[in-house]
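Working notes, beginning with the structure itself.
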Amino acid sequence: MIVAPPRPGPRTAAAGPTETVEVALADRSYPIIIGRGVSTDSALIGTHMKPGRAALVTSEVVGALYLAPVCAALAAAGIEAVPVVLPDGEQHKNWQILNTVFDHLIAHRCDRRTPVIALGGGVIGDMAGFAAATWQRGVPFVQIPTTLLAQVDSSVGGKTAINHPQGKNMIGAFHQPGLVLADTALLDTLPDRELSAGLAEVIKYGLIRDTVFLDWLEPNLPKLLARDPAALAHAVRRSCEHKAEVVAADEREAGLRETLNLGHTFGHAIETGVGYGQWLHGEAVAAGTVLAAEMSARLGWLSESDVGRVRRLFSLAQLPVEAPAMPAARWLDLMGHDKKVRSGRIRLVLLQGLGNAVTTGDYDPAALEATLAGAAAHG
Ligand code: NAD
Ligand code: GLY
């Protein structure tokens with residue numbers, strides 16, 4: 001859907017302290033600027049973006065809330081935004097809707113220097129990013145993530161994609177943004193269920209590489225659910241530091257970056273298996289990570305008490321810890337499409353103790369079958 005530019009709304013400077021995390025990628029390095037009000041701080045925007053035109057991609061839900069103030073701040077920084085508003089939700093992360101973005105870019109004669117700005121959650125970020133990666137073979141890209149999940153994970157690192165009906169994020173490209181503005185004030189309007197979904201990815205960083213963070217998270221999950229600004233700022237910053245470090249070390253996922261996929265092979269199978277948009281991505285990652293922990297325990301790599309801790313963390317974050325019921329053959333079929341598969345072998349991110357993730361296809365298949373049978377029994 002193509003809409004007329006919105007009426008200008010109020011402009012404010014960042015309402016509190018900001019923090020910057022750098023993604024170090026040589027001449028493609030970029031800042032993640034975190035703080036309340038950064039998405040409407042025209043002076044800040046003006047120091048990071050050139051005056052001119054920009055295409056802005058958002059969703060119906062986010063656009064109704066934030067398109068006017070963000071466009072007004074861009075205008076004050078000398079940037080005329082031409083917005084395109086997409087239908088909301090994972091079920092629209094597909095070719096047909098992506099093509100409406102290209103229709104918009106061509107209608108507005110966007111050229112190789114016209115940046116694409118994503119204003120939304122991970123769905124909008126992934127789609128706008130893929131459009132930016134492919135439009136005229138690649139144009140500048142800016143992320144303004146509006147969900148916790150997008151602020152702690154999807155807006156950073158340059159993975160962009162749309163779904164195939166039989167596989168999550170199957171069609172995409174690596175294309176780094178040049179700027180990420182993580183405005184934590186935007187989380188004030190996020191529905192509780194979406195806030196919890198974002199916490200799944202926050203917990204993930206602790207499980208794969210930071211037990212100190214995990215120890216901080218466990219008692220602070222109630223504060224995070226209550227949107228305590230200091231707790232949220234810490235969780236977003238620490239998560240972005242982890243993501244930035246991993247991406248800088250392994251941008252194209254040759255090894256280390258795969259560990260960010262803890263729980264995702266199971267989780268993507270859930271999202272595709274039950275139908276896109278039924279389970280939120282973070283919910284599927286939570287239940288998928290419990291399965292990864294249970295399988296790690298079956299292999300003797302994780303203690304039962306650690307599996308209990310994993311379940312407890314997700315439960316405290318109001319996330320599901322039981323996967324939906326699916327026959328084992330369906331699980332294996334869906335997991336067989338995972339992007340980590342090599343020569344037909346399903347490779348999984350597993351835990352060799354909390355804080356230590358490994359990616360391997362070298363496991364006893366009986367352990368996976370038993371894990372899936374267990375899931376079918378609970379689900
Ligand atoms: P989402 O983009 O669907 O947003 C969730 C919902 O919240 C939507 O209905 C949206 O309109 C609404 N919303 C967004 N911001 C809001 C706000 N501030 N106030 C009120 N409502 C708001 O979902 P998500 O969880 O942000 O992202 C999930 C997607 O991200 C999945 O497609 C997943 O595959 C992808 N992802 C990508 C990466 C990556 O590295 N590229 C990493 C993790 C996840
Ligand atoms: N969210 C996983 C990654 O960016 O690699």
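Bear in mind these aren't lab numbers, they're just calculated from the coordinates by the rules spelled out. These numbers come from a predicted model, not from an experiment. Quick reminder, even Gly has a Cβ in these numbers, built from the backbone with ideal geometry, and neighbours come from all protein chains shown.
General remarks:
- For the chain, size of Cβ-based charge dipole, Lys and Arg +1, Asp and Glu -1, in debye: 760 debye
- The helix-only estimate of mean residue ellipticity at 222 nm for the chain, built from DSSP H runs of length n ≥ 4 each weighted as -39500 (n - 2.57), is -14500 deg cm²/dmol after division by the residue total.
- Here the Debye sum runs over all C-alpha atoms of region 35-104 as equal scatterers in vacuum, and log10 of I(q)/I(0) at q = 0.23, 0.27 Å⁻¹ comes out as -0.99, -1.14.
- Taking the longest Cα principal axis of the chain as reference, the axis of helix 229-249 is set at about 80 degrees.
- The chain: projected area of the alpha-carbon convex hull, averaged over directions, in nm²: 16.8 nm²
- Structure remark: mean-square fluctuation, Gaussian network model of the chain, C-alpha springs under 10 Å; the largest value among G206, G308, G157 belongs to G308.
- Sorted largest first, the spans of the alpha carbon positions of region 277-323 along the three principal axes are 35, 19, 12 Å.
- Longest exposed-site-free window of the chain, the sites being trypsin sites (Lys or Arg not before Pro) in a DSSP loop that have at most 12 other C-beta atoms within 10 Å: 114-251
- Per-residue 3J(HN,Hα) values for region 199-208, derived from phi via the Karplus relation 6.51 cos²θ - 1.76 cosθ + 1.60 with θ = phi - 60°, read 5, 4, 6, 5, 4, 3, 4, x, 5, 8 Hz in sequence order (x marks Gly and Pro).
- Farthest positive-ward along the chain dipole, Cα basis, beta-carbon charges - from G198, I106, V310: I106
- Placed amide H near G361: partners under 5 Å, 5+ positions off or other chain: L348
- Normalised by the number of residues in the chain, the mean separation of alpha-carbon contacts (under 8 Å, six or more apart) gives a relative contact order of 14 percent.
- In region 51-141, the C-alpha radius of gyration followed by the widest Cα-Cα span (Dmax) gives 12.1, 35 angstrom.
- Region 85-209: relative contact order as a whole-number percent, Cα under 8 Å and 6+ apart: 23 percent
- Inverting the pair-averaged 1/r between distinct Cα atoms of region 171-238 gives 13.3 Å as its Kirkwood hydrodynamic radius.
- Pairs with C-alpha atoms separated by more than 20 Å, drawn from the list K93/K339; K204/K243; K50/K243; K159/K243, are K50/K243.
- DSSP beta bridges confined to the chain are antiparallel in about 40 percent of cases.
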